[in-house]
1. Given 10 °C and 1.306 mPa s, compute D for segment 182-290 with the Stokes-Einstein relation, Rh being the Kirkwood radius over Cα pairs; round to the nearest whole µm²/s.
2. Which Rg and Dmax, in Å, describe the Cα atoms of segment 238-278?
3. Work out how much length Asn266 to Ser162 would gain on full extension: take 0.36 nm times their residue separation and subtract the Cα-Cα distance, in nm to one decimal.
4. Report Rg(Cα)/(2.2 N^0.38 Å) for segment 27-144, keeping two decimals.
5. What is the magnitude of the charge dipole of segment 210-285 about its Cα centre, with +1 placed on the Cβ of each Lys and Arg, -1 on the Cβ of each Asp and Glu, and no other charges, expressed in debye to the nearest 20?
Amino acid sequence: MKTDTFNQVEIIENVDDGIYYLEHGWPSDLIRWHAHAPYELHLIVSTHGKVFIGDHIGRYKPGQLILVGPHVPHNWVTNKDEPGPVALRDMVVVFSHKSMDHMLQGFNEIQELMSMFELSHSGVEFVDFDLSLAMDLFGKIRDTSGMDRFLAFMQLLAELKSWPHKRTLSTAKIISPLTTSAANKINEVVQYIADHYQENLSLGKMSAMLNMSESAFSRHFAKSTGNKFVEFVNRVRIGRACIQLAETNDQISAICFDVGFNNITNFNRHFVKLKGKTPGEYRRIIQTNLGKDQSIVKPTIAMP
């Protein structure tokens with residue numbers, strides 16, 4: 001069996017072209033809240049727990065299949081009472097916008113996948129997709145290379161495109177156009193934000209990381225993520241606050257400062273703007289729903 005394995009950093013930084021496969025069990029160092037420029041198709045094979053996609057929080061179980069778009073923070077956290085360790089929890093296929101852009105430019109037939117890629121900017125779940133079929137399709141990508149891997153990948157995309165039951169997950173949509181190379185330049189900053197959202201993240205500090213002027217950095221960042229720098233940081237912080245509101249009984253004021261906001265009024269204003277409800281209202285809804293083994297986001301999208 002031929003398997004491509006690489007660590008978290010390689011997924012984020014080194015996927016410029018091609019189709020990559022990885023798998024891991026639980027526990028694993030790869031299980032953490034993170035974001036990256038490539039697209040990620042993520043299949044859960046075993047265990048139960050919570051899934052976090054942008055500002056979405058829900059339950060996961062074996063068979064859950066989600067396409068995560070560029071720069072959308074995500075993680076799957078296994079229940080602490082789950083028997084373990086588990087040899088195989090996740091099967092993952094990673095591919096870049098650059099690869100997709102080349103295909104979209106070269107083949108008109110690929111254009112019909114665009115609607116699915118658009119949904120991925122909020123995270124899109126393929127509801128009740130058959131687990132055995134998914135494992136078979138992912139396994140073909142794992143066990144092949146070259147043209148055979150490409151054909152197996154296209155077969156997987158075709159199955160997903162035709163799947164009638166799709167639902168978007170995060171209300172905080174992050175847009176990253178396929179045709180720009182700016183995403184690769186900004187990716188280091190996106191990952192830094194995901195890892196250091198609690199800190200003072202100034203435009204000057206981030207632009208200096210890339211040796212760019214603030215104005216050039218702002219243009220590239222907005223083009224790559226679809227958000228102004230400050231808006232993106234606030235989205236990441238609110239997404240993290242949603243996790244803490246669901247997972248803990250910490251006071252809302254404590255969560256506000258823990259995720260990087262410097263005052264409760266500012267935190268509440270941004271929370272209501274993104275979620276349409278106060279942090280307290282959100283906590284009551286999400287904890288009630290998760291207690292019933294449900295997800296707070298339920299819309300299903302039927303696509304032709």
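Values quoted throughout were computed directly from the atomic coordinates according to the rules given, and no laboratory measurement underlies them. Because the structure is predicted, anything quoted here is derived from the model rather than measured. Cβ sites come from the backbone with ideal geometry, for glycine too, and all protein chains shown count toward neighbours.
1. Numbers: Rh = 14.7 Å.
The Stokes-Einstein estimate is 108 µm²/s.
2. 9.1, 23
3. Values: separation 104, 0.36 × 104 = 37.44 nm, distance 4.29 nm.
Length gained, Asn266 through Ser162: 33.2 nm.
4. Values: Rg = 14.8 Å, N = 118, 2.2 N^0.38 = 13.5 Å.
Working it through for segment 27-144, the quotient is 1.10.
5. Details: 12 positive and 6 negative charges, 66 e Å.
Roughly 320 debye, rounded to the nearest 20.
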